[in-house]
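Student: After the structure tokens below, expect a handful of questions from me.
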Amino acid sequence: MNLETDLGGIKLADPVVMASGTFGYGFGYEGLIGPGDVGAIITKATTREPWAGNPPPRIAETPCGMLNAIGLENPGVEVFLSEYLPRLRKSGAVVIVNIAGRTFEEYVELASMIGTAKGVRGIELNISCPNVDMGGMQLGTSPDMVYKIVDSVKQVTHLPVMPKLSPNVTDIVEIAKAAESAGADAISMINTVQGMAVDIETKRPILGNVFGGLSGPAIKPIALRMVYQVYQAVDVPILGGGGIMSAKDAIEFLLVGAKAVSVGTGTFINPRLAMEIKAGIEDYMARHGHTGLHEIIGAAIL
């Protein structure tokens, strides 16, 4: 059974990827699952300087998922390069580094620093950050800004570049086309859907940041629809995810065009979910007489 796939030059032994922000740097689940046990790991977002994140409370459970407003808390790129990356190299993991910033210059500097680091196989651009140069507008909501950031990063690194698209837009196809035109090697989708929760006893928002990102099963139908649309509009490979809780969910994303799938919130419930998904994909392919992953990618497109 051949589960190999390729995300724009990032070669994976299997299509299951640990999503950024839910697997840390790969060592929080030691004894259950390790960074080298899956197709790839996308690290927790890394910024130029340490970020403290948002004020608590930062997480709120919802009926079909969870809201988070962590705020990309991380120790900064220098700590990542000196402390976490060496451990990831030893694990044998395929490492994709998620980077974030508040200005175009921060992204360019980060990409330049990470692009020369041994053991990094690709860069995922977190383009859901408010951009200080644009009055706080999220980078990923404007085709022009998406083009500019992808183009700028591509000019300073030889690594495959994969922007992570926000679903909080009117037309995600337009955003995806802008990323492809700028030279994106692959597209990651989707990021969380903006939402909020209220405590009726205190009459206040639950999250300290008021708004947070909704993830989990509630957003799967949205994510599937968006992958289905983008797959037919661009030629670059797609890393698809959003609410994947089982092998069946993952297979749905492959059938609508994703070349690999990202597992996020489900890992909090079942730390070994990624391994079960890999086994489930193998079983599905065997039952249907498939020998290669390419035989099912996009098979549900009408």
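Readers should treat all values here as calculations from the given coordinates under stated rules, not as data from a laboratory. Computed from a predicted model, the values in this text were never measured in an experiment. Because the Cβ atoms are built from the backbone with ideal geometry, glycine has one as well, and the counts that use them run over all protein chains shown.
Student: Can you tell me which of 41, 70 is closer than 23 Å to residue 106 by Cα and either assigned to a loop (DSSP other than H, G, I, E, B) or acidic (Asp, Glu) (or both)?
Tutor: Exactly one residue qualifies, and that residue is 70.
Student: I'm trying to understand the selection: among the residues of the range 10-21, which are over 16 Å from residue 125 (Cα atoms) and either among the charged types (D, E, K, R) or assigned to a loop (DSSP other than H, G, I, E, B) (or both)?
Tutor: 11, 13, 14, 15
Student: Are any residues in the range 157-169 crowded, with 18+ Cβ neighbours inside 10 Å and farther than 28 Å from residue 243 by Cβ, and if so, which ones?
Tutor: Scanning the range 157-169 gives 157, 159.
Student: Let me confirm something: among 28, 53, which residue is in contact with a Gly (Cβ under 6 Å, 6 or more places away or on another chain), surrounded by fewer than 17 Cβ atoms within 10 Å (Cβ to Cβ) and part of a loop (DSSP other than H, G, I, E, B)?
Tutor: Residue meeting the stated conditions: 53.
Student: Looking at (1) in contact with a Lys or Arg (Cβ under 9 Å, 6 or more places away or on another chain); (2) over 30 Å from residue 285 (Cα atoms); (3) of a type in the set (S, T, N, Q), which one does residue 46 not meet, given that it meets all the others?
Tutor: (1)
Student: Now, a different point. Check the range 263-283 and report whether any residue there is within 20 Å of the chain's Cα centre (by Cα), surrounded by 19 or more Cβ atoms within 10 Å (Cβ to Cβ) and among the aromatic types (Phe, Trp, Tyr).
Tutor: no
Student: Okay, next question. Restricting to the range 38-54, name every residue that is under 14 Å from the mean Cα position of the chain (by Cα) and over 17 Å from residue 212 (Cβ atoms).
Tutor: Passing the criteria: 39, 40, 41, 42, 43, 46.
Student: Quick one: residue 79 ticks every box in (1) aliphatic (A, V, I, L, M); (2) assigned to a helix (DSSP H, G or I); (3) crowded, with 22+ Cβ neighbours inside 10 Å bar one, so which box is it?
Tutor: Evaluating residue 79 over (1) aliphatic (A, V, I, L, M); (2) assigned to a helix (DSSP H, G or I); (3) crowded, with 22+ Cβ neighbours inside 10 Å leaves (3) as the failure.
Student: Which residues, counting only those in the range 239-249, are surrounded by 24 or more Cβ atoms within 10 Å (Cβ to Cβ) and out of contact with any helix residue (DSSP H, G or I) (no Cβ under 6 Å at 6 or more places or on another chain)?
Tutor: 239, 241
Student: Out of 18, 66, 113, I need the residue that is surrounded by 18 or more Cβ atoms within 10 Å (Cβ to Cβ) and over 20 Å from the mean Cα position of the chain (by Cα). Which one?
Tutor: Only one candidate passes the filter, namely 113.
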